[in-house]
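Read through the structure below, which is laid out as structure tokens, and then see the notes.
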Amino acid sequence: MCGIVGAAAQRNVTGILLEGLKRLEYRGYDSAGLALLDETGQLQRRRAQGKVAEVENKLAQQPTKGQLGIAHTRWATHGQPSEQNAHPHVSAPGVAVVHNGIIENYLELKAQLQSAGYAFTSETDTEVVAHLVHQVSQQQANLTQAVHQVLTQLEGAYALAVIDQAHPDQLICARQGSPLVIGVGIGEYFCASDPLALLQVTDRFIYLEEGDFACLTSESCQIYSAQGEPVERPIVQWEHGQQVAEKGVFKHFMLKEIYEQPEVLAATLEGRLGAEQVLPQILGSQATQLLPQVQQIQLVACGTSYHAGMVARYWIEKLAGVPCAIEVASEYRYREVVVMPNTLFVTLSQSGETADTLAALRFAKTAGYLASLAICNVPGSSLVRESDLSLLTHAGPEIGVASTKAFTTQLVALLLLTLALRQIQQPAQPDAVEQELVAALRSLPRLAQETLALDGQIEQLAQAFAEKHHALFLGRGSHYPIALEGALKLKEISYIHAEAYPAGELKHGPLALVDKDMPVIAVAPKDDLVDKLKSNLQEVRARGGELYVFADPLTSMTPEEGMQVIHLPAVHEVLAPIIYTLPLQLLAYHVAVIKGTDVDQPRNLAKSVTVE
């Protein structure tokens, strides 16, 4: 959600901080700001509601430069979006703080600070941190230790960066439940909530562990554990090219990422398929010992990742014969859970920093699960580091808030997991079903490319949605979650109210919504349920509904009055959910463009949900 950038260098860092904020705009935000120590050692701050460009305008009117600074993009949690609530927050005479996350005990701390004479100028929870650092530093001359002392008083999740004009060469940063990395330069160090913010200055990063804090100067980086002991963390080379943060020839990041799917699907499969089977070792060195013990799967995720898990439930139970449950992380973590013996706990997250999913994992580690597996797109993320096993997708950084390539690569990873489980649960040799699916997986990138070639037809179809305010999505079996994902994409970026239902549920209520003003979108692969789906669609046509169907050519569905049909390439029915996702992504994109919304940064949403 919120974004942090910090720099300690032997050169002016104003431009570095601004560029870092621009690279974090994809995360979603409502205000921005920066603070730095100028050439005279005085703290300078520039803040604005709205886009980073507004901060640039203020800097143009009131220029400042310095070699030590912090910057932030804010997504409101405490207090409305405003310049007054924008970060950095300060405490006289010269402490400045930026913060991601939530300080849960801030009201108690605020009352104590007000009693001590501190005046508050914002509605945020963050301002208490600035005043606490100032208060403690009056007795503790060492800024690093002063910040550590403050950290012991904070309850909640946070990533922090602190500067103090009394210590003009030091940048202190810390993480607890919210991601933060250190960028390693030559004669300079940086911190950020996302490596993408720093790719213009370095491709070497140190991922702070839970509870770590650090003191950065232009010449040194000292990291401490939560207990205050000096520790070393490895330097990791960034694996993705800098071009991932640029749109290239595409108008929006979302469209670029939709078109990257053939490439990233191939990358997710690369090195994971043998001649005729999936290689179980892809799950980690413990996989061959753990998988034979698995008697049940518990999937936990949020948003788009939850829809991926819903598809996987069909696959795991059908192909591996293992009972599987799927639950939304924000609900799972707050209910009384009965854990069945030998259950593998599987989390799904694009960023690996989703607060509810991480909290669910941490609960699961105490609840008696056999082991935990993370399916994630970010190698150094908290979710990956804290899980027993991991299976990385290779989608590369995803900038658009509405997830596209991260979703389809999650589906591929989940199918690989399914086939690995099948080998253990049903060890017949040779396994003709697995051989067939491995061959089908190899064709997946080509089929994705062929599907994207239908973009022109889908763009034309999208014109019918220009004046619509509601839409209904239908699917059956493993395509019901795909309908849910299609509805989510449409509502996220076009702001059209969209719902999805299993097509067999039409008679149980949704038919009441159908009329000529309600477009109904259906996915119709060639499978055992297609004839039943056709009957469901006739119910829509009989009530005057306008149908838009994405169908397999073998379904014999053809355009008729009141029903437009776009035929997709023929695909194995198990892999069909992956391919049938693509036209729904393109439909949502083109409708959003027609309606003139902010495709990459839709209102009220953030890319990485690192708070509850």
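Could you tell me which of the residues Q410, Q426 is surrounded by fewer than 21 Cβ atoms within 10 Å (Cβ to Cβ) and either under 30 Å from K251 (Cα atoms) or touching a Gly at 6+ places or on another chain (Cβ under 7 Å) (or both)?
It is Q426.
Quick one: in the stretch 458-477, which of the residues that are surrounded by fewer than 24 Cβ atoms within 10 Å (Cβ to Cβ), touching an Asp or Glu at 6+ places or on another chain (Cβ under 9 Å) and small (G, A, S) is nearest to K405 (Cα to Cα)?
My answer is G477.
What helices (runs of 4 or more DSSP H), lying completely within the stretch 308-409, carry at least 3 residues that are within 30 Å of E434 (Cβ to Cβ)?
Hits in the stretch 308-409: 355-364.
In the stretch 433-454, which residue that is in contact with a Pro (Cβ under 9 Å, 6 or more places away or on another chain) and not aliphatic (A, V, I, L, M) is nearest to A267 (Cα to Cα)?
The residue in question is P445.
Looking only at the stretch 150-179, count how many residues are outside any helix (DSSP H, G or I), touching a residue at least 12 places away in the same chain (Cβ under 8 Å) and under 28 Å from A355 (Cβ atoms). Break it down into steps so the answer makes sense when it comes.
As a first pass, look at the stretch 150-179 and keep what is outside any helix (DSSP H, G or I): 152-179.
Pick out the ones that are also touching a residue at least 12 places away in the same chain (Cβ under 8 Å) and you get 153-179.
Those still in the list that are under 28 Å from A355 (Cβ atoms) too: 153-163, 171-179.
Residues that pass the stated criteria total 20.
Sort out for me the strands (runs of 3 or more DSSP E) sitting completely within the stretch 441-534 that have 3 or more residues that are over 18 Å from T555 (Cα atoms) and at pLDDT 85 or above.
470-475, 497-502
For A226, indicate whether it is on the phi < 0 side of the Ramachandran plot and either touching a Ser or Thr at 6+ places or on another chain (Cβ under 8 Å) or crowded, with 19+ Cβ neighbours inside 10 Å (or both).
Criteria not met by A226.
Mind telling me which of the residues V133, V147, V97, V129 ends up being touching a Pro at 6+ places or on another chain (Cβ under 8 Å) and either in contact (Cβ under 8 Å) with a residue 40 or more places away in the chain or closer than 25 Å to L17 by Cα (or both)?
When all the criteria are applied, what remains is V97.
Regarding D164, is this residue under 19 Å from N12 (Cα atoms), surrounded by 19 or more Cβ atoms within 10 Å (Cβ to Cβ), of a type outside the set (A, V, I, L, M) and over 26 Å from the mean Cα position of the chain (by Cα)?
So D164 fits the description; yes.
Can you work out which of the residues in the stretch 110-143 that are assigned to a helix (DSSP H, G or I) and surrounded by fewer than 20 Cβ atoms within 10 Å (Cβ to Cβ) is nearest to the chain's Cα centre (by Cα)?
K110
Looking at this structure, is I482 over 20 Å from R543 (Cα atoms) and either over 27 Å from the mean Cα position of the chain (by Cα) or surrounded by fewer than 21 Cβ atoms within 10 Å (Cβ to Cβ) (or both)?
No, not satisfied.
Wholly within the stretch 3-52, which strands (runs of 3 or more DSSP E) include no fewer than the required count, namely at least 3 residues that are in contact (Cβ under 8 Å) with a residue 40 or more places away in the chain and closer than 15 Å to D194 by Cβ? I'd like the intermediate steps shown before the answer.
On the way: elements: 3-8, 31-38, 43-49.
By residue number, 3-8.
So how many residues does the stretch 29-44 have that are closer than 20 Å to Y158 by Cβ and surrounded by fewer than 24 Cβ atoms within 10 Å (Cβ to Cβ)?
Qualifying residue count for the region: 1.
Kindly provide the set of residues from the stretch 54-65 that are under 33 Å from the mean Cα position of the chain (by Cα) and of a type outside the set (A, V, I, L, M), ordered by number.
Listed by number, the residues that qualify are E54, E56, N57, K58.
The values are calculated or read from the model by the stated rules, or taken from the named source; none is laboratory data. This is a predicted model, so every value here is computed, not measured. Glycine gets a Cβ as well: all are built from the backbone with ideal geometry, and neighbour counts include every protein chain shown.
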